[in-house]
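Enquirer: Structure in structure tokens, see below.
Just so it is clear, none of the values below were taken in a lab; they were calculated from the coordinates. All values reported here derive from a predicted model rather than from experimental measurement. Virtual Cβ from ideal backbone geometry, glycine too; neighbours counted across all protein chains shown.
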Amino acid sequence: MKSAVETLNPTRVRFTVEVPFEELKDSLDAAYKKINQQVTVKGFRQGKVPARVIDQRFGRGAVLEEAVNDALPKFYTEAVSKAELNPLGQPDVDITELKDGELLSFTAEVDIRPEIEIPDYSGIEVTVDAVEVSDEDIDTSLEQLRERFATTSPVERAAADGDTVVLNLEAKVDGEVLPDGVAEGLDYVIGSGQLLDGIDEAVTGVEAGGSATFTSDLKGGTAEGKEAEVKVDVVEVKSRELPELDDDFAQLASEFDTLEELRADASKRLAQTKKFDQATQAQEKVLDALLQLVEVPIPEKLLEDEIQTRKHNLVNHQLGQMGMDLETYLKVQDKTEEAFDAELKEQAEKGIKTQFILDELVNKEKLSVGQEELTEHLMRRAQSSNMSPDEFAKAVVEGGQVPMLVGEVARGKALAVVVEAVKVVDGNGETVDLDDEDETAETVEATSDESAAAVESGEGDTAAKADEASAADSTDAADEKAAESAKNEA
């Protein structure tokens, strides 16, 4: 077999392959054997029909077609291996010549991983938030803890802001009660903004047994987008009482005996959280700076596939689970479809560039992934996917996605190498040392996972597709946050 490679652009090549006919012998034998098992010829036992009879009855062309289909993947793989290239996706194959008994020639065009040169990145400097825990931060934390231990008791007075009320609702559109517009026994905290627009004003000042009517635009359900007349009956009014913030509360809510000890623990926990957030922020900023340094050509077909995969995951998984369609999502987010598509393209480009760069760093730094690291990463992915570790591991193995997880961990380690090499300072100008952070490795991996929704090395597919196949459903973090925001607003 002879092969030659022509570079069409930095991300696409064309192979020209010539195969002497004698190298097709194994595939021809396999083709005759396969056809033998599928046909019946009078006078011959099944599977024992001579090749010349098959040629006469069914045509030599059918045999050649079967043989070529069998042989092409092998010869294409040999050509790729000889050229030492990393193809992405499936090739576009064109048989240019097939002479029976003489020659098979074909061309194959395919996208490839671009060659990337990583420049010196040691000069990168990023600024992150300083780790500072204020008295106000501690007070807020303790208030949230008090909320968890709040009690309610019925009161005989008009409902006020902060009260919990038990409500019955009935929504009508054009005078007709909606099939999904009736609810009874709803607990609602006035001022929380978690139900319909206008309900806080309607029930404030109403006593148990009283009613109110208001109008509201519906942002979900069968009458989504329509204005409804809503009748609300206040069944019960309950006052919420918070425990006193004292030593007794500290003993009730924690293992500490005094409020002072509880405040000190809250301060320590907040500092740990802020350090974790600081590490995440550092990695995100370092990654953005690295992306600015490196020029990465992106295959058009790969970009198109990545955009479609991200859109599919957002619309059919995240929004679908929330009972929301794309039109509603765009309306709530106050975005046009053109702006949404532009953002999706930008995210896809960033994801592809990120993965290409980090994969190059993995090779350059000769990074490897140990079994313990892979297991820890699998546990985190299982948790984020709301699956048990055993279920997730089974899905990954059955989907052939173990290399995907290995790649994610390796890319996380590559980004960690960069973070360790650059300068990170906080808002006070102090150098931030991330080496001692236990959370750093996990945070780096998470950053890499969210950004690198691109081609998995050697798989010829996108990481987003691989995630879907393995039931991980790990899509872009920005989409997920926006979808959640849209759900809350709706």
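Enquirer: Could you state the number of Å between the C-alpha centres of segment 275-302 and segment 330-405?
Expert: Spelled out, the Cα-based centre of one part sits 14 Å from the other.
Enquirer: A 22 angstrom limit on the alpha carbon distance is what I want to check against. Which of LYS2/LYS99; LYS2/LYS301; LYS33/LYS82; LYS345/LYS413; LYS25/LYS99; LYS48/LYS74 exceed it?
Expert: LYS2/LYS301; LYS33/LYS82; LYS345/LYS413; LYS48/LYS74
Enquirer: Let me check against my output: what whole-number percent is the relative contact order of segment 151-241, with C-alpha pairs under 8 Å and at least 6 apart?
Expert: 42 percent
Enquirer: Let me ask something else about it. May I ask you to derive the relative contact order of segment 2-112, considering only C-alpha pairs under 8 Å and at least 6 residues apart, and to give it as an integer percent?
Expert: Contact order relative to length: 37 percent.
Enquirer: Right, another one. Quick check for you: which residues of segment 343-375 have the amide N under 18 Å from the point 7 Å beyond the Cα of SER388 toward its beta carbon?
Expert: none
Enquirer: While we're looking at this one, here's another question. Using θ = phi - 60° and the Karplus relation 6.51 cos²θ - 1.76 cosθ + 1.60, list the HN-Hα couplings for segment 149-158 in order, rounded to whole Hz, with x at every Gly or Pro.
Expert: Rounded to whole hertz, the list is 9, 5, 10, 10, 8, x, 10, 9, 7, 5.
Enquirer: Looking at the chain only, what percent of DSSP beta bridges run antiparallel? Nearest 5 please.
Expert: Counting only bridges with both partners in the chain, antiparallel ones make up about 95 percent.
Enquirer: Let me ask you something else. Give me a comma-separated list of calculated 3J(HN,Hα) values for segment 111-121, in order, Karplus coefficients 6.51, -1.76, 1.60 applied at θ = phi - 60°, integers in Hz, x for any Gly or Pro.
Expert: Taking θ as phi minus 60°, the curve returns 6, 10, 5, x, 6, 10, 9, 8, x, 5, 10 Hz for segment 111-121.
Enquirer: Run the paramagnetic zone check for PHE44: 7 angstrom along Cα to Cβ, then residues of segment 1-36 with backbone nitrogen under 11 Å.
Expert: What the label zone holds, given the 11 Å backbone N cut-off, is 32-33, 35-36.
Enquirer: Give the calculated FRET efficiency between LEU242 and GLU376 to the nearest 0.05, with a Förster radius of 41 Å applied to their Cβ-Cβ distance.
Expert: The computed FRET efficiency comes out at 0.55.
Enquirer: Could you pull out every residue, at least 5 positions away or on a different chain, whose amide H is within less than 5 Å of the one on VAL128? Hs are placed 1.01 Å off N in the peptide plane, and Pro or chain starts have none.
Expert: Residues meeting the criterion, in which the H sits 1.01 Å from N, are VAL425, ASP426, GLY427.
Enquirer: About the Cα centre of the chain, what is the dipole size in debye to 20, counting +1 per Lys and Arg Cβ and -1 per Asp and Glu Cβ, all else neutral?
Expert: Computed charge dipole of the chain: roughly 3620 debye.
Enquirer: Okay, next question. Using the Cα centre as the reference, give the magnitude of the dipole from point charges on the C-beta atoms of segment 2-112 (Lys, Arg: +1; Asp, Glu: -1; all else neutral), rounded to the nearest 20 debye.
Expert: The dipole of segment 2-112 has a size of about 780 debye.
Enquirer: With θ set to phi - 60°, apply the Karplus curve 6.51 cos²θ - 1.76 cosθ + 1.60 along segment 67-81 and write out the HN-Hα couplings as whole Hz, x wherever there is a Gly or Pro.
Expert: 5, 5, 4, 6, 7, 3, x, 5, 5, 5, 4, 5, 5, 5, 4
Enquirer: For labels at THR96 and GLU327 in the simple 7 Å Cα→Cβ model, what's the distance in nm?
Expert: Roughly 5.1 nm, to one decimal.
Enquirer: Using Cα pairs closer than 8 Å and at least 6 residues apart in sequence, work out the relative contact order for the chain, in percent.
Expert: Taking the mean separation of contacting Cα pairs over the length of the chain, I get 16 percent.
Enquirer: Of the labelled options [x] 44, 36, 21; [y] 59, 34, 21; [z] 39, 27, 21, which one gives semi-axes √(5λ) of the Cα gyration tensor in Å as computed for this structure?
Expert: The listed entry that was calculated here is [y].
Enquirer: Same structure, new question: Once fully extended, how much extra length lies between LEU291 and THR16, figured as 0.36 nm per residue of separation less the alpha-carbon to alpha-carbon distance?
Expert: Contour length minus Cα-Cα distance gives 95.5 nm.
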